[in-house]
Every structure is written in structure tokens, then in C-alpha cells.
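The values are calculated or read from the model by the stated rules, or taken from the named source; none is laboratory data. In this text, all values refer to a predicted model and were calculated from it rather than measured experimentally. Positions of Cβ are generated from backbone atoms using ideal geometry, with glycine treated the same way; all protein chains shown enter the neighbour counts.
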Amino acid sequence: MGKASAASPRRHPPAAGRTPRSPVPPTRPDITGQTALYGVLGDPVSHSLSPVFWNAGFRALGLDAVYVPFHVPAGRLAEALAGLGALGVRGVNVTLPHKEAAARLCTTLEPPADDLQAVNTIRLGPDGALHGANTDGPAMYRLLTSLWHPVGKGAPLPLAERGYRAALRGGEGGTLPTSSRSVGKGIPAVPPGPVLLLGAGGAARAVLWSLFQAGATVIYWANRTAHRLVCPWSAERTQVRPVPWESQALNEVMVESTLIINATSLGWRAEDRLPVLTAAPGPGQTWLDLVYHPASPLQQAARAAGARVIDGLDLLLGQGAAAFTLLTGHPAPLAAMRRALRRHLAGRSRA
């Protein structure tokens, strides 16, 4: 397979005399030596839905490009990125467990990745440079804003929201508040009451950043490894209170919190449980989960207890669409990407 150039992926013009494609596009594109290569790196990665909506986006725009999953074990990220760069891969997303390690390997970090020290998107330069970005934080901010601070037609958007949408369109305009100097200065976008954040990895740091931007007043923060609970930001109106994982205090703050965010890997496996949390979230509380597995036992338990449950699909699509624009230079065709994701999930549920 030929080495891809640094230019934007070329479009696929229909060949003269070729029969038009069927209304349902094929699941696998024609791949040639000119096809632009993108992918996602993780461990595990076979569950990833990113190839579904990325490839749908390529088809919708008529781009000669393909997006594939790469299984990269922990500890082998550096050699994987070097190899992919040598093969001409244009850009990649990174997921568990690589987001923080990827930031350390990058040549440059775009805001807010520099503040977060975690990346989920890397553009591979032709000179071997790795340009890292983080679309998780802005996508989470946008999700929080849409859920608890709906903006009416014609109403002004918060600065962070304006900047995020401009970036998603590929346009210019407002910028996200991305440094520690501006943390906590967004328009409040979370429900009143404390927030409980579970996890302290790269994804959790992006959630924490978005909660500062969204104006959360009290954030309880718990992780199985307590020494990772170090907050790099401060804001006058936001308090971060670490909570021991194996403690009665964690049960108590779960009952107290209006919003509970699971940014751990718990929920991907059927046997996953949170035994330390004997108090399940109930009516009046929201369980927001970064896991997008529909059979997550944690989400099922929260739903059975009467809590409002929001899985990770909207966040997945939001961060993925922003990464699509950053890496390809084309505005993400959100409608086509969302349709492909829903069609895939519907087919899987019937299987």
C-alpha cells in the first residue's frame, strides 16, 4: 500500500458509465495505493464503534479513505506510532489505556490537550512529528451544555460552545477556554448540586476539565488508585474533594450527588460491579457513563433504581466528529455518522 501524502484525502468521483451505488452504501470501501489511512489505537479495541461512523463519514463525503482499529498493548504505543507514521497513516485516535502516554510522546499539544496532558487524537506529520489534540473535554462540555443548559433559538451560546461548534464546522471564530487561567469561567451548564466523578485516567481528566468549564460548584472525585487524584486547576467557585474508594464516604456522596459520572472502564464486562457503592443512584439523579456498551451492568443497575441514565454514545460521536474534522480538514457529516451508528447498534441488538 502506497505511502499517503500529507494532503487532505482525495474524493472519489464516480467513474464514467458506472452503475450508481445503491442507497445503502457498502460497509467496506475499495482500497488502493492512494487510499488515506486513519485508525484507532487501544487495548482492547475490538469493541470500538469508531470505525463504523468514521467510514460512514468518508462515504458520505466521497473521500478515498479508510479507518481501522489497531490493537496496541500497553507499553508498545511508541513503536506503534513510529510504525504507523512510516507506513503513511495520516492520523489516529487513541483510547484506553494510552491517552496519557500518548501526550508524553507528542511533539506538540493543542489546547486543551496541553492542560490535560492527555490526548485522544494524533495527526502524524510527514516528518515524523506527532501533533496531539484532545476532543474529549470539549465534547463533554457540549454534552453537559445540551443536557442542562439548553440554548433557545437565537440565544447566544457560551464561549466554549461557540468555539467548539466553529471547530466542528471547520470554521473560524470563538475559542475554547483551555488554560488554567480561564478554567471555571464558562456559563454554568450542570445541574445544581454536587457532582461525583469516578476515575482518574486521561478520559476522567477531560471530564474534570469540562466540569470546571461548566461551572460545577462541588466535585467529589474517587479512584481506585488514590494517588492519581491530583487536580491541576483551581477556580474560585469550584471545589474538588477527593473521596476514598473503599469507604462509607463514597456511599454517602453518591446519595448526595445530583450527577454521577463514570469515567472508569467498569461496565465493559458483564461481571463488572461497584461493590463499594451500596447506595445505588435513584430518582432525581443522573448517571452519565463514558462506557457505551448497552449491556453495562452499572447502567442497568442505575436505570433499575430510577436514575436518569445517559450512556457514552453521544460523547463518542461528539469527540469523534471533532477529531474527524481535525484530521481530515473536512466538516464531519454528523447526520450520516449518527445514522450509521444507530443502524449498526440496531443490527447488533437483533443478532
It is to be established whether one or more residues within region 111-126 are under 30 Å from VAL190 (Cβ atoms), in contact with an Asp or Glu (Cβ under 6 Å, 6 or more places away or on another chain) and outside any loop (DSSP other than H, G, I, E, B).
no
Within region 297-351, how many residues turn out to be in a strand (DSSP E or B) and among the charged types (D, E, K, R)?
1
Among the residues of region 60-114, write down those that are free of Cβ contacts under 8 Å to residues at least 40 places away in the same chain, buried (at least 17 other Cβ atoms within 10 Å of the Cβ) and hydroxyl-bearing (Ser, Thr, Tyr).
TYR67
Go through the residues of region 267-284 one by one and say whether even a single one is outside any strand (DSSP E or B), in contact with a strand residue (DSSP E or B) (Cβ under 9 Å, 6 or more places away or on another chain) and under 20 Å from ARG142 (Cα atoms).
no
Is it fair to say TRP209 is touching a Pro at 6+ places or on another chain (Cβ under 7 Å), under 14 Å from TYR141 (Cβ atoms), of a type in the set (A, V, I, L, M, F, W, C) and surrounded by 21 or more Cβ atoms within 10 Å (Cβ to Cβ)?
yes
Quick one: which residue in LEU266, LEU326, LEU334 is touching an Asp or Glu at 6+ places or on another chain (Cβ under 9 Å) and not assigned by TED's automatic domain parsing to the domain that holds VAL207?
LEU326
Pairs where the first residue, in region 214-228, is closer than 8 Å to VAL243 by Cα and the second is part of a loop (DSSP other than H, G, I, E, B) and of a type in the set (Ser, Thr, Tyr), C-beta under 7 Å, 6+ apart:
TYR220/SER257
Take the conditions over 23 Å from the mean Cα position of the chain (by Cα) and either surrounded by fewer than 20 Cβ atoms within 10 Å (Cβ to Cβ) or closer than 26 Å to GLN117 by Cα (or both) and apply them to ALA249. Does it pass?
yes
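Look at GLU256 and say whether it is in contact with a helix residue (DSSP H, G or I) (Cβ under 9 Å, 6 or more places away or on another chain), outside the structural domain of LEU96 (by TED's automatic domain parsing), surrounded by fewer than 18 Cβ atoms within 10 Å (Cβ to Cβ) and among the charged types (D, E, K, R).
Values: in contact with a helix residue (DSSP H, G or I) (Cβ under 9 Å, 6 or more places away or on another chain): no; outside the structural domain of LEU96 (by TED's automatic domain parsing): yes; surrounded by fewer than 18 Cβ atoms within 10 Å (Cβ to Cβ): yes; among the charged types (D, E, K, R): yes.
Answer is no for this residue.
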Every pair of residues 6+ apart whose Cβ atoms lie under 6 Å, when the first sits in region 257-271 and is in contact (Cβ under 8 Å) with a residue 24 or more places away in the chain while the second is among the aromatic types (Phe, Trp, Tyr):
ILE260/TRP287
Restricting attention to region 69-101, which residues are β-branched (Val, Ile, Thr) and under 17 Å from the mean Cα position of the chain (by Cα)?
VAL92, VAL94, THR95
Would you pick out the residues in region 61-96 that are among the hydroxyl-bearing types (Ser, Thr, Tyr) and not in a loop (DSSP other than H, G, I, E, B)?
TYR67
